[in-house]
Amino acid sequence: MAETLPPPPPANIESLSNSVQELSKKGYNEVPQRYIHKEVSSTGGIICASAPLLDVPSIDLSLLISPSPAGVEELKKLQSALNYCGCFQATNHGMSNIYLDKVRQLSKEFFALPMEEKQKYGRSADDLDGYGTDSVLSEHQILDWTDRLYLTISPEDKKRLEFWPENPQSLQGVLEEYVMKLKTLNEFLLKAMARSLNLEENCFLQQYGESESAAIIARFNFYPTCPRPDLTLGVKPHADASAITFLLQDREVEGLQVLKDDQWFRVPVVPYSILVNVGDQVEIMSNGIFKSPVHRVVTNSERERNTLAVFFIPGSEMEICPVEKLINEENPRMYKTIKDYVSIYFQNYQLGKRPIDAAKV
């Protein structure tokens with residue numbers, strides 16, 4: 001029988017060492033108050049895992065460089081997908097099923113380690129890198145029902161190898177190889193996105209900047225079982241601060257939801273596709289044609305879920321602005337020229353505001 005949860009402690013900023021995984025193992029039939037959403041958002045309504053399914057387009061990456069009619073059609077489909085919902089399922093991305101399962105296994109093996117082993121890589125309050133839970137930014141914050149391992153891949157001088165787990169032994173090599181493959185895809189997609197809008201193919205890539213200065217951050221996400229999925233969220237609603245985010249979903253368990261037309265929709269699991277979504281910085285570059293989707297993660301009372309998100313973020317010194325050719329009388333400029341959007345993002349996110357609104361004209 002599940003234990004009864006003890007009374008919550010006095011309100012304070014919780015320790016970063018409080019693992020949701022360990023809390024889940026205790027078998028409580030309730031969750032602490034700090035994880036309960038009284039109301040998810042003014043537009044999102046109550047938490048519902050059985051939301052309607054979003055028809056996320058699939059894009060065949062192998063066709064995007066083809067001058068054939070099929071390639072032209074796929075480019076139109078890419079533009080339509082990013083205008084419709086801001087994300088797509090990438091197929092024919094050049095990675096085998098066996099390889100993607102090997103990448104997925106890293107997360108499963110790490111989060112299965114004993115707590116004392118994982119805590120060797122525990123992050124401090126002022127660090128992003130390392131193992132921990134939701135970043136606690138305020139006393140009244142509703143916390144995410146998730147444990148995470150953040151690792152900075154690039155720039156090289158920001159890499160914190162003390163947070164890279166030695167177990168599983170293959171983690172560093174496999175993750176770096178995977179990110180190198182995504183790096184190629186990131187450049188390829190930024191060019192394809194520009195071409196889909198009849199722009200010079202390097203115009204988004206030039207704003208993104210040199211790959212050596214751009215930030216690449218990997219985040220392994222573990223969502224333990226939760227006794228009250230109707231009251232908690234694995235990740236609260238947000239859009240990404242990146243240019244592009246690549247998500248390797250759990251092969252079997254759904255959880256990601258996207259807000260579209262003021263309604264939450266489930267994102268289906270397509271086991272060997274990679275889910276690609278544009279972040280706020282590409283929405284700005286495209287003058288709002290491409291949509292940076294607001295999304296969240298719901299919890300599950302019966303099944304754990306593992307995912308890996310990799311964020312590609314322009315260097316903080318790069319000026320991000322709408323491409324001039326996309327601005328005209330019918331489509332006036334929607335966003336200012338901004339630098340270091342990540343700082344703007346976190347300042348507004350902490351205040352409960354949609355960060356991209358701060359960049360609007």
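Worth pointing out:
- Just so you know, in the stretch 30-39 the residues that are assigned to a loop (DSSP other than H, G, I, E, B) and open to solvent by less than 70 Å² (accessible area, probe 1.4 Å) include one that is nearest to Lys236 (Cα to Cα), and it is His37.
- Strands (runs of 3 or more DSSP E) enclosed by the stretch 214-289 - at least 1 residues per element that are in contact with a Cys (Cβ under 9 Å, 6 or more places away or on another chain) and in contact (Cβ under 8 Å) with a residue 12 or more places away in the chain: 233-238, 244-248, 256-260, 263-266, 274-278
- Residue check for Asp144: acidic (Asp, Glu), touching a Leu at 6+ places or on another chain (Cβ under 8 Å) and under 21 Å from Tyr223 (Cβ atoms): yes
- Extreme residue, least open to solvent (accessible area, probe 1.4 Å), among residues of the stretch 147-168 that are acidic (Asp, Glu) and more than 14 Å from Phe220 (Cβ to Cβ): Glu162
Residues checked against (1) closer than 28 Å to Glu283 by Cβ; (2) under 22 Å from the mean Cα position of the chain (by Cα):
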site: Ala51; (1), (2): yes, yes
site: Ser68; (1), (2): no, no
site: Glu73; (1), (2): yes, no
site: Cys85; (1), (2): yes, yes
site: Lys102; (1), (2): no, yes
site: Ser107; (1), (2): no, yes
site: Pro114; (1), (2): no, no
site: Ser124; (1), (2): no, yes
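Okay, residues lined up against (1) surrounded by 15 or more Cβ atoms within 10 Å (Cβ to Cβ); (2) within 16 Å of the chain's Cα centre (by Cα):
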{"residue": "Ile284", "(1), (2)": "yes, no"}
{"residue": "Gly288", "(1), (2)": "yes, no"}
{"residue": "Val298", "(1), (2)": "yes, yes"}
{"residue": "Glu304", "(1), (2)": "yes, no"}
{"residue": "Ile320", "(1), (2)": "yes, no"}
{"residue": "Thr337", "(1), (2)": "no, no"}
{"residue": "Tyr345", "(1), (2)": "yes, yes"}
{"residue": "Lys353", "(1), (2)": "no, no"}
{"residue": "Val361", "(1), (2)": "no, no"}
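- Candidates Leu189, Leu171, Leu175, filtered to the one that is over 28 Å from Tyr349 (Cα atoms), touching a strand residue (DSSP E or B) at 6+ places or on another chain (Cβ under 7 Å), in contact (Cβ under 8 Å) with a residue 12 or more places away in the chain and open to solvent by less than 20 Å² (accessible area, probe 1.4 Å): Leu175
- Every test in (1) out of contact with any Gly (no Cβ under 9 Å at 6 or more places or on another chain); (2) open to solvent by 10 Å² or more (accessible area, probe 1.4 Å); (3) polar (S, T, N, Q) is passed by Thr184 save one, and that test is (1).
- In this structure, Leu199 does not satisfy being over 26 Å from Arg251 (Cβ atoms), modelled with pLDDT of 95 or more and open to solvent by less than 10 Å² (accessible area, probe 1.4 Å).
- Among (1) open to solvent by less than 20 Å² (accessible area, probe 1.4 Å); (2) touching a Phe, Trp or Tyr at 6+ places or on another chain (Cβ under 9 Å), the one test that Gln119 misses: (1)
The values are calculated or read from the model by the stated rules, or taken from the named source; none is laboratory data. This one's a predicted model, so the numbers in the text were calculated from it and none came from an experiment. Heads up, the Cβs are rebuilt from the backbone with ideal geometry, glycines too, and the neighbour counts pull from every protein chain shown. For accessibility, only protein heavy atoms count, side chains too; no ligands or nucleic acids. Shrake-Rupley method; radii C 1.70, N 1.55, O 1.52, S 1.80 Å.
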